[in-house]
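Since the structure comes first, as structure tokens, the remarks are kept for the end.
The values are calculated or read from the model by the stated rules, or taken from the named source; none is laboratory data. Since the structure is predicted, the reported quantities are computational estimates derived from the model, not experimental observations. Here Cβ is always computed from backbone atoms with ideal geometry, including for glycine, and neighbour counts include all displayed protein chains. Keep in mind that these areas ignore ligands, DNA and RNA; they rest on the heavy atoms of the full protein, side chains included. Shrake-Rupley method; radii C 1.70, N 1.55, O 1.52, S 1.80 Å.
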Amino acid sequence: MLNDEMCRHGKFLFRYRSYIPLILVPLGILQLSTYKAYVGGMHDYDQIWDFACLGLAFIGSAVRFITIGYAQSGTSGRNTADGQVADALNTKGMYSLVRHPLYVGNIIMYAAALLFTKSLWFALAGSLALVLYYERIIATEEQYLRSKFGVALEEWSRKTPCLIPRLRGWVRPTLRFSFRAGVRSEFYSIVAIIAVLYVMDSVEHYFVEGRIRADKEWNILLVFAVASFIVFRYLRKHTSILDAKHERIETA
């Protein structure tokens, strides 16, 4: 059956879901190689577009940050090698608006990188590929969740859309928001966003100006991102500062 085939594909894609979409980066660089002038013919206009894309990427990261901050421990993780993990079924917070908010955040972030190429057709084609990609992962995840939560999953699925969030119906989470959990999980995303867009900005300058360089603002952002990565990586690996267990308190 088609759903079984999608699930088989999804198992492989799930395992490498943090890396496979990065294939779009060299394709984006190839798209940038076709440009010989900046957007609107001026570098200032081009910068406005670039930072608008960065802002869109941060919106996607914020969706993930809020999702992780309210999610119960043992769910909504970055697990890959160990396969599916779900100690509970998340149905509140961001999960009351859409069933897969983490993937919504991912699609927004990747769409920002696709739009950075200044090609709407490339952004649309890439976004469609992402939706088809995540569709297979979702089929695998929901098959697993159905085996664990059965009727509860069916009831939640009937009233909650898969990838297009509804604008009303927010259900207050039972857990207090954990800033530490959000930071612990999502500092990787922020660093990756800045690094990818920095590379694309440098490459764009090369094809337009004939030299590899990045604007001063991007250099500052890259230094900030690298410094943040070193600090938060150390805190995560060698301290308990980002341990969110004591923040996981049920609200009244």
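Residue-wise test of (1) among the hydrophobic types (A, V, I, L, M, F, W, C); (2) touching a residue at least 40 places away in the same chain (Cβ under 8 Å); (3) in a loop (DSSP other than H, G, I, E, B).
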position: PRO165; (1), (2), (3): no, yes, yes
position: PHE177; (1), (2), (3): yes, yes, yes
position: PHE187; (1), (2), (3): yes, yes, no
position: VAL196; (1), (2), (3): yes, yes, no
position: VAL208; (1), (2), (3): yes, yes, no
position: ALA227; (1), (2), (3): yes, no, no
position: ILE230; (1), (2), (3): yes, no, no
position: TYR234; (1), (2), (3): no, no, no
Out of all the residues in segment 139-154, is one or more open to solvent by 50 Å² or more (accessible area, probe 1.4 Å) and under 23 Å from PHE58 (Cβ atoms)? no
State whether one or more residues within segment 206-214 are hydroxyl-bearing (Ser, Thr, Tyr), open to solvent by less than 40 Å² (accessible area, probe 1.4 Å) and at pLDDT 90 or above. no
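Filter segment 210-225 down to residues that are charged (D, E, K, R) and either free of Cβ contacts under 8 Å to residues at least 12 places away in the same chain or in a helix (DSSP H, G or I) (or both) and give me whichever is farthest from ILE68 (Cα to Cα).
As a first pass, look at segment 210-225 and keep what is charged (D, E, K, R): 211, 213, 215-217.
Remaining after also requiring either free of Cβ contacts under 8 Å to residues at least 12 places away in the same chain or in a helix (DSSP H, G or I) (or both): 211, 213, 216-217.
Details: ARG211: 41, ARG213: 36, LYS216: 32, GLU217: 29 Å.
The residue in question is ARG211.
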Single condition SER202 does not satisfy, out of (1) assigned to a helix (DSSP H, G or I); (2) open to solvent by 70 Å² or more (accessible area, probe 1.4 Å); (3) free of Cβ contacts under 8 Å to residues at least 24 places away in the same chain: (2)
Residue pairs, Cβ under 7 Å, 6 or more apart or interchain, first in segment 28-45 and under 18 Å from LEU197 (Cβ atoms) and hydrophobic (A, V, I, L, M, F, W, C), second surrounded by 17 or more Cβ atoms within 10 Å (Cβ to Cβ) and at pLDDT 80 or above. List them. ILE29/MET200; ILE29/VAL203; LEU32/THR117; LEU32/MET200; LEU32/VAL203; LEU32/GLU204; VAL39/ASP46; VAL39/LYS118
Might you check whether a residue that is open to solvent by less than 60 Å² (accessible area, probe 1.4 Å) and at pLDDT below 90 occurs anywhere in segment 163-173? yes
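Consider segment 215-235. How many of its residues are among the charged types (D, E, K, R) and open to solvent by less than 70 Å² (accessible area, probe 1.4 Å)? Outline the logic, then answer.
Going residue by residue through segment 215-235, those that are among the charged types (D, E, K, R) are 215-217, 233.
Add one more test, that the residue is open to solvent by less than 70 Å² (accessible area, probe 1.4 Å), and what stays is 215.
Qualifying residue count for the region: 1.
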Determine if segment 65-83 includes at least one residue that is modelled with pLDDT of 95 or more, over 15 Å from the mean Cα position of the chain (by Cα) and either on the phi < 0 side of the Ramachandran plot or part of a helix (DSSP H, G or I) (or both). no
Among the residues of segment 115-138, how many are in contact (Cβ under 8 Å) with a residue 40 or more places away in the chain, open to solvent by 70 Å² or more (accessible area, probe 1.4 Å) and under 15 Å from LEU24 (Cβ atoms)? 0
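For segment 36-53, check the following and say yes or no: at least one residue is in contact with a Ser or Thr (Cβ under 9 Å, 6 or more places away or on another chain), open to solvent by 40 Å² or more (accessible area, probe 1.4 Å), at pLDDT 75 or above and at negative phi. Full working, then the answer.
Narrowing segment 36-53 to residues in contact with a Ser or Thr (Cβ under 9 Å, 6 or more places away or on another chain): none.
No, every residue in segment 36-53 fails to be in contact with a Ser or Thr (Cβ under 9 Å, 6 or more places away or on another chain), open to solvent by 40 Å² or more (accessible area, probe 1.4 Å), at pLDDT 75 or above and at negative phi.
Residue check: is TYR103 in contact (Cβ under 8 Å) with a residue 60 or more places away in the chain, open to solvent by 30 Å² or more (accessible area, probe 1.4 Å) and either in a helix (DSSP H, G or I) or not aliphatic (A, V, I, L, M) (or both)? Break it down stepwise before answering.
Values: in contact (Cβ under 8 Å) with a residue 60 or more places away in the chain: yes; open to solvent by 30 Å² or more (accessible area, probe 1.4 Å): no; either in a helix (DSSP H, G or I) or not aliphatic (A, V, I, L, M) (or both): yes.
The answer is no for TYR103.
Only residues that are β-branched (Val, Ile, Thr) and under 15 Å from the mean Cα position of the chain (by Cα): list them for segment 116-145, please.
Our first condition is that a residue be β-branched (Val, Ile, Thr); within segment 116-145, this holds for 117, 131, 137-138, 140.
Matches in segment 116-145: VAL131, ILE137, ILE138.
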